[in-house]
1. Of the numbered conditions (1) among the polar types (S, T, N, Q); (2) touching a residue at least 12 places away in the same chain (Cβ under 8 Å); (3) part of a loop (DSSP other than H, G, I, E, B), THR241 satisfies every one except a single condition; which is it?
2. Select from segment 90-126 the residues that are in contact with a Gly (Cβ under 7 Å, 6 or more places away or on another chain) and at pLDDT below 85 and write down the one among them that is surrounded by the fewest Cβ atoms within 10 Å (Cβ to Cβ).
3. Can you report the number of residues in segment 147-189 which are more than 11 Å from THR241 (Cα to Cα), crowded, with 24+ Cβ neighbours inside 10 Å and β-branched (Val, Ile, Thr)?
4. Do we find that PRO113 is touching a residue at least 60 places away in the same chain (Cβ under 8 Å) and either in contact with an Asp or Glu (Cβ under 9 Å, 6 or more places away or on another chain) or under 18 Å from VAL61 (Cβ atoms) (or both) in this structure?
5. Would you be able to say whether some residue in segment 166-173 is of a type outside the set (Lys, Arg), closer than 27 Å to GLY69 by Cα and either more than 12 Å from the chain's Cα centre (by Cα) or part of a loop (DSSP other than H, G, I, E, B) (or both)?
6. Somewhere in segment 250-263, is a residue of a type outside the set (Phe, Trp, Tyr) and assigned to a loop (DSSP other than H, G, I, E, B)?
7. Looking only at residues in segment 44-61 that are surrounded by fewer than 13 Cβ atoms within 10 Å (Cβ to Cβ) and at pLDDT 80 or above, which one is farthest from the chain's Cα centre (by Cα)?
8. Run VAL254 past the list (1) touching a residue at least 60 places away in the same chain (Cβ under 8 Å); (2) at positive phi and report the number of the one that doesn't hold.
Amino acid sequence: MRQGIRVVVQGRSSRRRAGLAHGLWAAAEIAVTLGVVVLLLVVHQLWWTNRQAREGAEHKVQAMEREWGVPAARLPGPVESGAETEPAETEPTVGGTATGESRDRSAAQNSAPRWDQAYAILRVPRLGVVAPVAQGIGKRGVLDKGYVGHYPGTAQPGEAGNFAVAGHRNTHGEPFRHINRLRGGDEVRVETREGVYLYVIDASPAQTSPRDTGVIAPVPRSLVKPSAGYSEPGHYLTLTTCTPEFSSKYRLVVWGKLSSMRPR
């Protein structure tokens, strides 16, 4: 009788051990599967979205250059310091006696771009950035395509006021990945069908709140840090992106001023 009981107990114990082993194996398989899925998601975000967006943005830049008839020899690099930067007599450099009126008349010729339409090219020689500029800052229609987005309601290139744009710092082409490296004197070149506008970085990058709308005002000045910004009307450039990297907790802001312009 005792031997029979012992056999039954041993049978139940073996089944429990087998069930436990099966459960552990199933849990391990699930963990490995989840790990692979997470790894694929990371690869997709950090590599594939960048590759896809950069290729699309590059093709868009090339298409606009062909449409505008830009000579291939002039495509790379900033505006040269020689004859190419020398404005025509009817378009004096910023600071000239007639600059404001002639520049604003030229900029006024720019037709309002369609929503999410790429209509300009932004070049930052120090960072090696060449990206299309599109109207709006929506993710799907603009930023996730590797484009730089123009804040609606802010000035257009060359206009009086503040030409304010945004770009991704991480993933989807990340054109503004390294704008924290920009310093005073660095150049940013904006090209449109109508002309070429050279801005010069005037202030080092500043960190502020995502709700700090003052940084993209016509006369940009931080509402969070009133000491950061400008107090007089002018022709400004504002670059914005998220910071720190892989976070949208704050905004990184870089300002510049229009240095020169010339028609095509």
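The values are calculated or read from the model by the stated rules, or taken from the named source; none is laboratory data. Note that the structure is a prediction, hence the values are computed from the model and not measured. Every residue, glycine among them, receives a Cβ derived from its backbone with ideal geometry; neighbour counts consider all protein chains shown.
1. So the condition that THR241 fails would be (3).
2. In this case the residue turns out to be TRP115.
3. Qualifying residue count for the region: 1.
4. On the way: touching a residue at least 60 places away in the same chain (Cβ under 8 Å): no; either in contact with an Asp or Glu (Cβ under 9 Å, 6 or more places away or on another chain) or under 18 Å from VAL61 (Cβ atoms) (or both): yes.
The answer is no for PRO113.
5. Checked segment 166-173: at least one residue is of a type outside the set (Lys, Arg), closer than 27 Å to GLY69 by Cα and either more than 12 Å from the chain's Cα centre (by Cα) or part of a loop (DSSP other than H, G, I, E, B) (or both).
6. no
7. Of everything passing the filter in segment 44-61, HIS59 is farthest from the chain's Cα centre (by Cα).
8. Exception for VAL254: condition (2).
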